[in-house]
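Scroll down for the structure; my scribbles are underneath it.
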Amino acid sequence: MAKSQSLAAALLLVLVVSLTAIEGVHGICGMSNDEFKLCQPAAAVENPIDSLSAECCAALGKANLSCICCYKASPAYG
């Protein structure tokens with residue numbers, strides 16, 4: 001019984017790690033992590049830049065903006 005529980009726990013761990021890796025590649029709200037980084041200077045808390053780069057605008061053009069707004073409105077993200 002303990003062996004099957006250990007196997008189940010190991011499989012669950014592999015599943016969680018796999019899903020986390022997939023999420024990291026795809027990002028959230030239709031933007032990859034790299035695309036979010038392109039927009040980071042404009043969203044900085046201290047000294048944000050006034051204009052977005054062309055690359056950031058292109059990334060935002062593909063993004064699900066209502067999804068991003070849900071994150072902005074979430075108390076978990078400040």
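Key figures
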{"quantity": "Complete set of residues in segment 49-63 that are in contact with a Gly (Cβ under 7 Å, 6 or more places away or on another chain) and assigned to a helix (DSSP H, G or I)", "calculated": "LYS62"}
{"quantity": "Tabulated pairs, segment 26-39, first in contact (Cβ under 8 Å) with a residue 40 or more places away in the chain, second aliphatic (A, V, I, L, M), C-beta under 7 angstrom, 6+ apart or interchain", "calculated": "CYS29/ALA63; CYS29/ILE68"}
{"quantity": "SER66 of a type outside the set (A, V, I, L, M), surrounded by 10 or more Cβ atoms within 10 Å (Cβ to Cβ) and either at pLDDT 90 or above or assigned to a helix (DSSP H, G or I) (or both)", "calculated": "no"}
{"quantity": "Any hit, segment 39-48, residues being part of a helix (DSSP H, G or I), of a type in the set (Gly, Ala, Ser), modelled with pLDDT under 90 and surrounded by 10 or more Cβ atoms within 10 Å (Cβ to Cβ)", "calculated": "yes"}
{"quantity": "Close pairs from segment 47-70: first more than 13 Å from ILE28 (Cβ to Cβ) and touching a residue at least 40 places away in the same chain (Cβ under 8 Å), partner of a type in the set (A, V, I, L, M, F, W, C) and part of a helix (DSSP H, G or I), Cβ under 6 Å, at least 6 apart", "calculated": "none"}
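The values are calculated or read from the model by the stated rules, or taken from the named source; none is laboratory data. These numbers come from a predicted model, not from an experiment. Counting neighbours? That spans all protein chains shown, and the Cβs are built from the backbone with ideal geometry, glycine included.
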